[in-house]
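These notes concern the structure reproduced below.
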Amino acid sequence: MEKTQQLLVLSSEDEEIFQKLYSEGLKTSRKNVDETMPVPKFYTKLPSHENMISLKLREEARTAFLQKKSKELLDNNELQNLWTLLDKNHSPPFAGSEQMINYIDFLKVGNIAGPKYKAFFTPVVFARLLQSDIHGRISTMAVFNYIMRKVWLQQTRIGLSLYDATGQGLLTEMDLENYITELIPTLPQLEGLEKSFHSFYVCTAVRKFLFFLDPLKLGKVRIQDILASGFLDELLELRDEELPKDAQDSNWFSAPSALRVYGQYLNLDTNRNGMLCQEELRRFGTGTLTRVFIQRVFEECMTYEKEMDYKTYLDFVLAMDNKREPQALQYFFRLLDVGHRNHLNTFDLHFYFKGVQELMQQHKQEVVAFDDVNDEIFDMVRPADPSKITLQDLINCGYGETVINILIDLDGFWTYENREAVVTDKNNQDKPEA
């Protein structure tokens, strides 16, 4: 203890030096505070709707900025020139049909091409495209495709930004509707759509962006998220006049897909009032969704006088068709979480499974005991807290889709219950005949 005290005590000489330096530092600090320039303004409030001059100025400035950025992009002639340069400067040894280029020639092409291409000919780009070539080269086709993709993304970002009314990098539902409405005439695969159906098509297309990219239901989506999602690639596939039928069937944005979804909605609407009640929605799919689940859908989702409109129905369809996705699991978790506690416990699971048991009784099937199902669900999910299941547990376990099917759909439960028999049948079908 005495040794510690000796280490902490300064000599009189050191104490004097310390006090001197401390006083000088304190004076300098106070002086700097007094003379410091004000903090630069880093946030500018958006002008109000009443301030038309400021709004117009902001709009014109944003348009000029986007036009400037657009001129910085490579056009078709410049891309063609780039391909010619890559073709002429590929590197030896020459073997096979694929042309390769080493780092020296890669930089050479960038220097010849000029300053407009500079951003694409960097060490980072070369390293990103480098694979397993023993000579340390990369494919010229990979370089060209990379640059094409980058240019397309930049062009698309600029195109989307033109619809960004506030200039904050966000698109509202109305902004997206305007974008897709003006995009329809440029997509050959949508030429056959009746103009009277365009509004329903736009609603169908926009809903996918909002369902997957706006999980907090703020009514707006980041342009950056739109570009990263791949949904635009799917939408712009419809420019291909010879898009195969199977590709159209699996594309949410295709005309057949949109007509199919809307047709199902009309078929469910038996009283033809343009809305769906609980009894009508229960006929969805194979008609084996539980009464409890349908009731919870109407309790938690937006309805109008206890009936569901087409937009809410689209969210429902997207969730049912994409049960493996985190956004769909979030949709279902909100319905399953009866007490709004942000977790599911045995009571919640029992509450839902009673609906499955009711359907078993109606179909004169043997009623399965809940305790066994409860244990199996917890074994599948393996939650961090063994007494409750969170949304993150459901996402992380990889069996979220199975859990949802067990709790909301009689067919889904029997598919899980008979999974071993289904696998056996499939294996028997795959065996070659003797």
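The values are calculated or read from the model by the stated rules, or taken from the named source; none is laboratory data. As the structure is a computational prediction, the values presented were derived from the model and not from experiment. Note that we place each Cβ from the backbone using ideal geometry, even for glycine, and neighbour counts take in every protein chain shown. When the accessible area is computed, the model is the full protein with side chains, heavy atoms only, and any ligands, DNA or RNA have been set aside. Shrake-Rupley method; radii C 1.70, N 1.55, O 1.52, S 1.80 Å.
Report yes if some residue within the range 130-140 is touching a residue at least 12 places away in the same chain (Cβ under 8 Å), closer than 30 Å to LEU162 by Cβ and of a type in the set (D, E, K, R); otherwise report no. Show your work before the answer.
Initially, the range 130-140 is screened for residues touching a residue at least 12 places away in the same chain (Cβ under 8 Å), giving 133, 135-140.
After this cut, where a residue has to be closer than 30 Å to LEU162 by Cβ as well, the list is none.
No, the conditions are met nowhere in the range 130-140.
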Per-region count, the range 183-219, residues more than 23 Å from the chain's Cα centre (by Cα) and either of a type in the set (Ser, Thr, Tyr) or part of a helix (DSSP H, G or I) (or both)
10
What are the pairs with Cβ atoms under 6 angstrom where one residue, in the range 355-369, is more than 13 Å from ILE408 (Cα to Cα) and the other, located anywhere, is of a type outside the set (D, E, K, R)? Sequence gap at least six, or different chains.
VAL367/GLN357; VAL367/MET360
Just name the residue that is nearest to PHE211 (Cα to Cα) out of those in the range 297-333 that are aliphatic (A, V, I, L, M) and open to solvent by 10 Å² or more (accessible area, probe 1.4 Å).
MET320
The range 221-237, residues that are within 17 Å of ARG207 (Cβ to Cβ) and either in contact with an Asp or Glu (Cβ under 6 Å, 6 or more places away or on another chain) or in a helix (DSSP H, G or I) (or both)
VAL221, ASP225, ILE226, SER229, PHE231, LEU232, GLU234, LEU235
Any residue at all in the range 284-303 that is of a type outside the set (Lys, Arg), within 22 Å of THR402 (Cα to Cα), in contact (Cβ under 8 Å) with a residue 60 or more places away in the chain and assigned to a helix (DSSP H, G or I)?
yes
Do you know which residues across the range 128-148 are of a type outside the set (S, T, N, Q), assigned to a loop (DSSP other than H, G, I, E, B) and either open to solvent by 80 Å² or more (accessible area, probe 1.4 Å) or in contact with a strand residue (DSSP E or B) (Cβ under 9 Å, 6 or more places away or on another chain) (or both)?
LEU130, ASP133, ILE134, HIS135, ARG137
Quick check, is LEU259 more than 26 Å from the chain's Cα centre (by Cα), modelled with pLDDT of 95 or more and not polar (S, T, N, Q)?
no
Given the condition open to solvent by 10 Å² or more (accessible area, probe 1.4 Å), part of a loop (DSSP other than H, G, I, E, B), of a type outside the set (Val, Ile, Thr) and within 22 Å of CYS203 (Cα to Cα), answer yes or no: does some residue in the range 255-273 qualify?
yes
Would you confirm whether or not the range 377-389 contains a residue that is assigned to a loop (DSSP other than H, G, I, E, B), in contact with a His (Cβ under 6 Å, 6 or more places away or on another chain) and open to solvent by 40 Å² or more (accessible area, probe 1.4 Å)?
yes
Kindly evaluate PHE332 against the criterion of being among the hydrophobic types (A, V, I, L, M, F, W, C), at negative phi and more than 29 Å from the chain's Cα centre (by Cα).
no
The range 60-88: number of residues that are touching a residue at least 24 places away in the same chain (Cβ under 8 Å) and either loosely packed, with under 10 Cβ neighbours inside 10 Å or part of a helix (DSSP H, G or I) (or both):
13
Within the range 231-254, restricting to residues that are surrounded by 11 or more Cβ atoms within 10 Å (Cβ to Cβ) and of a type in the set (D, E, K, R), the one that is farthest from PHE197 (Cα to Cα) is ASP233
In the range 218-232, is there at least one residue being touching a helix residue (DSSP H, G or I) at 6+ places or on another chain (Cβ under 8 Å), within 20 Å of ASP309 (Cβ to Cβ) and not β-branched (Val, Ile, Thr)?
yes
